[in-house]
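Undergrad: Take a look at this one; I'll ask things after.
The values are calculated or read from the model by the stated rules, or taken from the named source; none is laboratory data. Small disclaimer: the values here were computed from a predicted structure and weren't measured. Note: ideal-geometry Cβ built from the backbone for every residue, glycine included; neighbour counts use all protein chains shown. These area figures cover heavy atoms from the full protein model, side chains too; ligands, DNA and RNA do not enter into them. Shrake-Rupley method; radii C 1.70, N 1.55, O 1.52, S 1.80 Å.
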Amino acid sequence: MRKRFHGMLPAVVALAVTGCGGGAADSESEVAEASIPDLQRALEEGRVTSRQLVDLYLNRIAAYDVAGPELNTITRLNPRVGEEADALDRERAAGTVRGPLHGIPVLMKDNYDVAGMPTTGSSLALSGLRPPDDAFQVARLREAGAVILGKTNLHELAAGITTISSLGGQSRNAYEPARNPGGSSGGTGAAVAASFAAVGWGSDTCGSIRIPAAVHNLFGLRPTKGLSSIDGILPLSHSQDTGGPLARTVTDLAIALDATVGPDAADPATAVLEGRGVPDFQSALDPAALEGARIGVLADWLEEGGGGGRITEVVRAALAEMDSLGAEVVDVTIPDLDSLLANTGLIDLEFKFDLMDYLAGVPDAPVSTLEEIVEAGLHHEALDGTFRRRIARTERPADEYAETMARRQALREAVLGFMDELELDALAYPTMRQETALIGAVPVGSTCSLSANTGLPALTVPAGFTETEVPAGLELLGRALADARLVGFAYALETAGPKRRAPLRTPPLDGGRPPDPVLVALDPPHGDVEGAFLLDLPTGTLSYRIALAGVEPEDALGVIVRRIPAADGEGGGAVVLRLAGPDVTEVTRAIPLTTRLMHDLLDGRLELVAHTSAGFEHRGLLPGG
């Protein structure tokens, strides 16, 4: 009964395309977990076209965004995506390939301007806002040959980390749909995790790339302020806003960054690049990058007990692996860090005015101020308190702004001075010190402000999964414009032991449709207990019929599922599901399972126990029976 079963678990799936011509995607094609190099090879070899890739991703969106786990990540699809993909296919056929993103479908957070589509910030008030041209990074993606598939939901106007909005509603976590997807780029995070596109773009003002990446087993970089342009991104705080990709692999992240970073006359912050070369991220992909690196772990941000202890255990294991790869990993404490961080955020000071300036630059904008949005009631209730607090500011507070900027500079100097003193190449800590919260609960444990309020780059790296099967992220913070070195560290860790695991809820499609439910059998198959079990992966639903043969109702005491005790006798053994109560000899039901229970079932770690007046009957639960 201790059999381990892996056949039904969605593993990393390379693109497998056979016999594709010029029409709809082949029924055996699938793009789940396919990397940009995987997709590019299939395009180069003629096994698939860009138009067919679009169709394959649209199939997954139909199966899992609006059905199945109902992740609710997409606000709008690009109405011209088919013809744009066709044009890139014609270029390829004529011998022109612009680079590794040529013909690759990508997603944009719905605060990036995309010509021909509204930029809404996921606010109903802005649902008709149509900027006249592309954001800088979108224009760079088009030049690189990427296909803009559509736009993703975000926490309304990027003002939170649970991704709920008046236009898009509540997005869900791809690993555990009962939990939130992080934010504010939670729609992008869940969509990339679920393979709705090859890669997706978010923005990060205080954690909005890194938090969704951490809770979705992804890589996400908040770049050095000024490395990537924010021109054409609906603002939250121009002094803190950054934009960039979330990706399933470091290679995909590097390709996406190389296509979109660089100076832009429309964004004064990119002047930081004057006289300096733009980082080359793909050149930094060195499996030996961690050798000789010195990593300082912020021990105060690693909690040892409670829910934080689960995250700490996973992050400590990833740090130990970095140590084994040649890095020197040491616990450190930055003196007075909490007081240094206090009152260094600019969002409250800038948001109202930055939004007003942005809207003034869009012809025929449906509203012109945050006040109008709130007065019209065209915002989600979850944002009401935040928005009303921010509209209370009647002027740009020069003195308070200057004081905040001075505190930010003091924080930056303290962090860099500390790193210099201890000769550290990076600081390390959890991206979130607690597991991502259930939908409706308040998320806690963010460490987002250290990077956001210093302007220094920070990269979230998948560290693994907690015992409840929730992804945990390890964050690495480096010196200004040392972004590529952080990406190199992540590549070395990924190469040595990838932590990426696809969500159970969004498995590869079968003929363009979700796979049939997994049959679960009783082991041994004979006895007084008869049962039939089906596990539907997308919905996480276990349907079952149980009959106790030869047992009178008064002798039936209950049927339960419990974890099989570990070989060492520690853990397990407790009841995890109640299938039937007393006096019941036959039952047919369907119940939802948590992701942890789904993994336990698929790995053969559960057993069914029928309790009758005659004693107990134990049966293993094995998938594929």
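Undergrad: How much of the accessible area of the chain, in percent, comes from carbon and sulfur atoms when a 1.4 Å probe is used?
TA: Carbon and sulfur: 51 percent of the exposed surface of the chain.
Undergrad: Please work out how much length the chain gains when fully extended from Leu534 to Asp286, using 0.36 nm per residue of separation minus the C-alpha to C-alpha distance, in nm with one decimal.
TA: 84.8 nm
Undergrad: Ranked highest first by average number of other Cβ atoms within 10 Å, how do 264-272, 308-316, 433-441 line up?
TA: Order by mean packing, descending: 308-316, 433-441, 264-272.
Undergrad: Follow-up. Using θ = phi - 60° and the Karplus relation 6.51 cos²θ - 1.76 cosθ + 1.60, list the HN-Hα couplings for the range 472-481 in order, rounded to whole Hz, with x at every Gly or Pro.
TA: 10, x, 9, 9, 10, 10, x, 6, 4, 6
Undergrad: How far, in degrees from 0 to 90, does helix 483-496 lean away from the longest principal axis of the Cα atoms of the chain, to the nearest 10?
TA: 20 degrees
Undergrad: Relative to the longest principal Cα axis of the chain, at what angle does helix 347-360 sit, 0 to 90 degrees, rounded to 10?
TA: That works out to roughly 70 degrees.
Undergrad: Hey, can you rank 105-112, 392-399 by average C-beta count inside 10 Å, highest first?
TA: My ranking of the peptides, most packed first, is 105-112, 392-399.
Undergrad: How do the peptides 472-484, 60-72, 150-162 rank, highest first, by the average count of neighbouring beta carbon atoms within 10 Å per residue?
TA: So the peptides 472-484, 60-72, 150-162, ranked by packing, come out 150-162, 472-484, 60-72.
Undergrad: Can you list the HN-Hα couplings for the range 415-422, worked out from phi with the Karplus curve (6.51, -1.76, 1.60; θ = phi - 60°), rounded to whole Hz and with x for Gly and Pro?
TA: 5, 5, x, 5, 5, 5, 4, 9
Undergrad: Continuing with this model, one more query. Output ³J(HN,Hα) for the range 511-518: one whole-Hz value per residue in order, computed from phi by the Karplus curve 6.51 cos²θ - 1.76 cosθ + 1.60 with θ = phi - 60°, and x for Gly and Pro.
TA: Residue by residue, the range 511-518 yields x, x, 10, x, x, 5, x, 7 Hz.
Undergrad: Tell me the per residue accessible area of the chain using a 1.4 Å probe; a whole number in Å² is fine.
TA: Heavy-atom accessible area per residue stands at 36 Å².
Undergrad: Among Thr312, Val297, Ser228, pick out the residue whose Cα is farthest towards the positive end of the charge dipole of the chain, where Lys and Arg carry +1 and Asp and Glu carry -1 on C-beta, about the Cα centre.
TA: Looking along the dipole axis, the top candidate is Ser228.
Undergrad: How would you classify the range 122-238 from its alpha-carbon gyration tensor, with a ≥ b ≥ c the square roots of the eigenvalues: rounded for a/c under 1.5, else prolate if a/b is greater than b/c, otherwise oblate?
TA: Verdict is rounded for the range 122-238.
Undergrad: Quick one: in the range 37-191, what % of C-alpha pairs are over 25 Å apart?
TA: Percent of Cα pairs beyond 25 Å in the range 37-191: 32.
Undergrad: In whole angstrom, how far apart do the alpha carbon centroids of the range 457-519 and the range 339-411 sit?
TA: What the calculation gives is 33 Å, centre to centre.
Undergrad: Provide the gained length on full extension for the span Ile591 to Asp133, in nm with one decimal, where the gain is 0.36 nm per separating residue minus the Cα-Cα distance.
TA: 160.0 nm
Undergrad: In addition: Contour minus end-to-end for Ala410 and Thr541, with contour as 0.36 nm per residue of separation and end-to-end as the Cα-Cα distance?
TA: 41.9 nm
Undergrad: Quick one: dipole size for the chain, taken about the Cα centre, charges +1 on Lys/Arg Cβ and -1 on Asp/Glu Cβ, in debye to the nearest 20.
TA: 620 debye
Undergrad: Expressed in whole Å with the largest first, what are the equivalent ellipsoid semi-axes of the range 339-496 derived from the C-alpha gyration tensor as the square root of 5 times each eigenvalue?
TA: The answer is 34, 23, 15 Å, longest axis first.
Undergrad: Between helix 250-260 and the chain, what is the angle of the helix's C-alpha long axis to the longest principal axis, kept within 0 to 90° and rounded to the nearest 10?
TA: The angle comes out near 30 degrees.
Undergrad: As an exercise, use a Förster radius of 56 Å and the Cβ-Cβ distance of Asp331 and Arg389 to find the FRET efficiency, rounded to the nearest 0.05.
TA: Plugging the Cβ-Cβ distance into 1/(1 + (r/R0)^6) gives 0.90.
Undergrad: If you find the alpha carbon centre of the range 529-596 and of the range 291-324, how far apart are they in angstrom?
TA: So the separation of the two Cα centres works out to 37 Å.
Undergrad: Can you give me the long-range amide H partners of Ile564? Hydrogens built in the peptide plane at 1.01 Å from N, cutoff under 5 Å, separation of 5 or more residues or another chain.
TA: Those qualifying (amide H under 5 Å, at least 5 residues apart or on another chain) are Gly573, Leu606, Glu607.
Undergrad: Pop the C-beta distance of Ala266 and Ala62 into the FRET formula with R0 = 51 Å and round what comes out to the nearest 0.05.
TA: It comes out at approximately 0.85.
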